[in-house]
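Taking it in order: structure first as structure tokens, then the write-up.
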Amino acid sequence: MVFDIKHIQKQLGETPLVSPYSHDLAVAIVCDTFRLANLRPPSRQDWGDLEKRARTAALWREQVMMLAHVMTATSLRAATAATLRKNVDATTLLQHFFDEVEPLTAEMIRSNAFRQEEFLRKWVHAVDGQVKDESPRESAARLKQLDYRLALQEMSRAEKARKQEAERRARELQEAAVRATDARGWRE
Amino acid sequence: MNASVFTPEHIARCWREALALWDVQVRLSPPERHAPFHPDAPHANEPLAYIDLVKRQVYVHFTLLTQMEAEDSLMAVLAHEIGHHARFPHTLGWDAQLRVMEQRLIPGLKQSLTNLFYDLQVNEVVGRTHAEDLCRVYRGFQRTAKPAASPLFHFYLSIYEELWGRPPGDLVPQADLEPMEEAYPGTRAEARMFAQTFYALPDPRLQFLYFCATFIRYIERPDELTYLLPLGGDVSMPDVDDLDGALQGGGLWDEALDEARARDWLDAAIEAKPQDPLEAIDRITHHLPGHAKGQVRRALVSRHYRRLVDRHILPLPSAPSRPEPYLRTTPEAWEHGDDPSTIDWTLTVLSQGHLAAVSPLRRALEADMPPPSELGVPAVELYLDTSGSMPNPEHQLNSMTLAAQVLAASALRKKATVRGIVYSSGKPFVSPWMYDEERARDFLLHYIGGGTDYPFDLLAELSRERPDALRVIISDSDFLANVSAPAHLRLLVEATRRSRRLIALLALPDEQRARQVLQPVLNERGFRLVVVKWMSDFGPAAAELAQALLEK
């Protein structure tokens, strides 16, 4: 089954922005999704390990709650259950997914259409699904374009250059201010 | 395809679809054909389309659209223009706010970036369904206008490539990708981050701060920046009222500025500086063309001084306050249905005797309105020193000018007439007798600069012409140097005798010396010396003086 990202985003737009689920309930919803695909969901111990692996436990919990919210509010859950292969290890899949979405906060997913799309596409990628009307290559290219972690890494280069340029600009601004004062013909 | 494709039916259909795209009720006239500003010059330098937000009229350059091979983009172009009216900026008051903030963040910017900002907002909405149509316009523009390589334009187009998921080089020239990345490391990443952040920001003010903070990197010299973009100069300029409102509304930005500071977008040195109103006026008007620049600046400065004047003068009530009614009117017969409390029983018993109970008399209460007083405010003549020791009031607060404005406004609000004499060295400016504040305010903003040469001959002449006037000289220690010549002192004494009152309002560090120099004239009954020690005291001193002289 293919994932219709635009339709899922539209469905999300019609639901409350904040996940109504507690962490435990969110975990249960994700586990149920695996059960729907006749797969063994991660055990309590596995969930504990996933939380320990996360760089920030609070952020990870936010992501779990958002995943549960997106699953129940849209067709993502049904599409996931239909797509999951029988030999998939649920814990490994979730590990991979949470590694990929590591910097995304719930607020980002709620308020930024790009981050929301990234979150959804990374889930589709994790479950080895296909995006509607896209070739795997196009999906990979789009995912790369949306990769926030990669963008942050590349931005660090831009930030370094920016700092140097800002110093130069400050000097130029001072010069411009002097020129403007001279042009007025009056100085304090 | 040629220009004939633009039939009235086709244009009307595109117009309907463009209006439907914004899904709002707007009152705009159908698009009209743009008449080239320079018919003999190449069309590429003409605007492709623009909206007159005052007339609410969209114009399209159909020939240029054909040359760009973007005839199929007509609907997107029209939707773009409608977007300016419907949402971005929607009002020129908002545009004015952005222009004021932009000059605060990027001082000296020659060409405003606000149009680029609106285009980013409008194109995101139009591009949701018509991205390819807009891309066709930008590609066509580069083919026909062949603009010089500009980092700003490159970055701007890169944002659209990222926003619409186009590969690098789809809109920007492929050959420029590498040189741009070398000159500005991380440009592509920055364009991607911008596209993925800008539209998710919750507040348009925050969006604009982020926009300026990002784009400043690609502006080499703000004071020389000019750019030509398709659909890049299609919003009208805000008028004086809009700009004045924006200059007063700085507080609205505080929250957004705080957040931008917290997100590390702004250079602390720029954004933490308190904004001087006259400096802000200078910044937002300096790039305007000659004549308009002078007019707009003078109007904005005039309004700024009016506010300062109002701060010093208590506003006079427009109508006299209504006193309590306590005077009894003449008695009338009380009739059934009248208010029983109006019956004056004492008077009734005294005048009606035993019939008092059957025919009571009533008397109402009325207020004792004071008779219109004779204000007796004379004509006021103000001699304002505008020598080089004081700044030009248009650029920096000039306390002497403010004092003159306060006195003029006080007198005019008392129905007096005012004449201004603005002097320095050379021939002074002399106004006719003025009857309204606006005119007086405008005249008293004149500035000469140079040395101080008090016009004693003119004082003598005017005091003969209008002997009963109240004369106020506003100056500093230079006046003492001028008056120390015996001939000048004699003229001053004579003028004092002819005037109702002559007051020297001077900024002096030492009053003693002034009293020595002015000794002969101080003996005159009509002369008064008012000394202020600090320039900032001029305004309050003028207000007190006006109260003492005019509020009697």
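The values are calculated or read from the model by the stated rules, or taken from the named source; none is laboratory data. Not measured: the values here are computed from a predicted model. Cβ sites come from the backbone with ideal geometry, for glycine too, and all protein chains shown count toward neighbours.
Structure notes:
- Residues in the stretch B:193-221 that are of a type outside the set (A, V, I, L, M, F, W, C) and closer than 20 Å to A:E165 by Cα: B:Y210, B:T214, B:R217, B:Y218, B:E220, B:R221.
- One residue alone among A:A151, A:A158 is modelled with pLDDT under 90, surrounded by 15 or more Cβ atoms within 10 Å (Cβ to Cβ), within 8 Å of chain B (Cβ to nearest Cβ) and more than 13 Å from the chain's Cα centre (by Cα), and that residue is A:A158.
- Of all residues in the stretch A:171-182 being within 40 Å of the chain's Cα centre (by Cα) and either farther than 21 Å from B:T187 by Cβ or of a type in the set (S, T, N, Q) (or both), the one that is farthest from the other protein chains (Cβ to nearest Cβ): A:R171
- In the stretch B:101-123, the residues that are of a type in the set (D, E, K, R) and either free of Cβ contacts under 8 Å to residues at least 40 places away in the same chain or crowded, with 20+ Cβ neighbours inside 10 Å (or both): B:E102, B:R104, B:D119
- The single residue among A:D89, A:D128 that is more than 14 Å from chain B (Cβ to nearest Cβ) and touching a residue at least 24 places away in the same chain (Cβ under 8 Å) turns out to be A:D128.
- Helices (runs of 4 or more DSSP H) lying entirely in the stretch B:364-480 (those with 3 or more residues that are over 27 Å from B:Q295 (Cα atoms)): B:456-465
- Meets criteria (assigned to a helix (DSSP H, G or I), under 25 Å from B:D133 (Cβ atoms) and modelled with pLDDT of 90 or more) for B:A18: yes
- Of the residues B:P179, B:P185, the single one that is outside any helix (DSSP H, G or I) and either at pLDDT 90 or above or not aromatic (F, W, Y) (or both) is B:P185.
- So B:T129, is it within 14 Å of chain A (Cβ to nearest Cβ), within 25 Å of A:E138 (Cβ to Cβ), among the polar types (S, T, N, Q) and surrounded by fewer than 21 Cβ atoms within 10 Å (Cβ to Cβ): yes
- Residues of the stretch B:202-221 satisfying the condition of being within 9 Å of chain A (Cβ to nearest Cβ) and more than 16 Å from B:S112 (Cβ to Cβ): B:P202, B:R217, B:E220
- Test: B:L489 is within 19 Å of B:P428 (Cβ to Cβ) and outside any loop (DSSP other than H, G, I, E, B): no
- Hits in the stretch A:97-156 - residues which are of a type in the set (V, I, T) and out of contact with any helix residue (DSSP H, G or I) (no Cβ under 7 Å at 6 or more places or on another chain): A:V124
- In the set (1) more than 19 Å from B:A191 (Cα to Cα); (2) at pLDDT below 85; (3) not basic (K, R), B:L278 fails one condition alone, (2).
- Test for A:E138: is it surrounded by fewer than 19 Cβ atoms within 10 Å (Cβ to Cβ), at pLDDT 85 or above and either facing chain B (nearest Cβ under 8 Å) or not in a helix (DSSP H, G or I) (or both): no
- Some residue of the stretch B:458-467 being over 30 Å from B:R525 (Cβ atoms) and either at pLDDT 90 or above or in contact with a strand residue (DSSP E or B) (Cβ under 9 Å, 6 or more places away or on another chain) (or both): no
- Filtered by the rule that a residue be among the hydrophobic types (A, V, I, L, M, F, W, C), at pLDDT below 85 and under 30 Å from B:P540 (Cβ atoms), the stretch B:301-355 gives B:I313, B:L314, B:L316, B:A319.
- Listed by first and then second residue, the pairs linking a residue in the stretch B:188-199 that is more than 7 Å from every other protein chain (Cβ to nearest Cβ) and closer than 15 Å to B:F117 by Cα to a residue that is of a type in the set (V, I, T) and assigned to a helix (DSSP H, G or I), with Cβ atoms under 6 Å apart and 6 or more places separating them unless they lie on different chains, are B:A191/B:I159; B:F194/B:I159; B:F194/B:T214; B:A195/B:I159.
- Residue check for A:D133: within 18 Å of A:H7 (Cβ to Cβ) and assigned to a loop (DSSP other than H, G, I, E, B): yes
- Residue ID - farthest from the other protein chains (Cβ to nearest Cβ), chosen from residues in the stretch B:164-187 that are without any contact (Cβ under 8 Å) to a residue 24 or more places away in the chain and charged (D, E, K, R): B:E178
- Across the stretch B:26-41, the number of residues qualifying as surrounded by 10 or more Cβ atoms within 10 Å (Cβ to Cβ) and free of Cβ contacts under 8 Å to residues at least 40 places away in the same chain comes to 7.
- When residues in the stretch B:509-529 are screened for being among the β-branched types (V, I, T) and touching a strand residue (DSSP E or B) at 6+ places or on another chain (Cβ under 6 Å), 1 of them pass.
- Taking the conditions (1) β-branched (V, I, T); (2) crowded, with 18+ Cβ neighbours inside 10 Å; (3) over 18 Å from A:M1 (Cβ atoms); (4) away from every other protein chain (no Cβ under 13 Å) in turn, A:T80 satisfies each one other than (3).
- Annotation: A:S111 fulfils all but one of (1) small (G, A, S); (2) buried (at least 19 other Cβ atoms within 10 Å of the Cβ); (3) within 8 Å of another protein chain (Cβ to nearest Cβ); the unmet one is (2).
- Given (1) touching a Lys or Arg at 6+ places or on another chain (Cβ under 9 Å); (2) part of a helix (DSSP H, G or I); (3) surrounded by 15 or more Cβ atoms within 10 Å (Cβ to Cβ), number of the condition A:L39 does not satisfy: (2)
- Among the candidates B:R515, B:R500, B:R441, residue that is charged (D, E, K, R), closer than 23 Å to B:A542 by Cβ and touching a Gly at 6+ places or on another chain (Cβ under 8 Å): B:R500
- Candidates B:Q97, B:Q142, B:Q103: the one that is in a helix (DSSP H, G or I) and closer than 28 Å to A:K160 by Cα is B:Q103.
- Any hit, the stretch B:225-240, residues being assigned to a helix (DSSP H, G or I) and either at the interface with another protein chain (Cβ under 10 Å from one of its Cβ atoms) or of a type outside the set (A, V, I, L, M) (or both): no
- Residues in the stretch B:442-494 that are within 29 Å of B:Y305 (Cα to Cα), touching a Pro at 6+ places or on another chain (Cβ under 9 Å) and of a type in the set (V, I, T): B:I448 only.
- Test for B:L157: is it part of a helix (DSSP H, G or I), within 14 Å of chain A (Cβ to nearest Cβ) and among the aliphatic types (A, V, I, L, M): no
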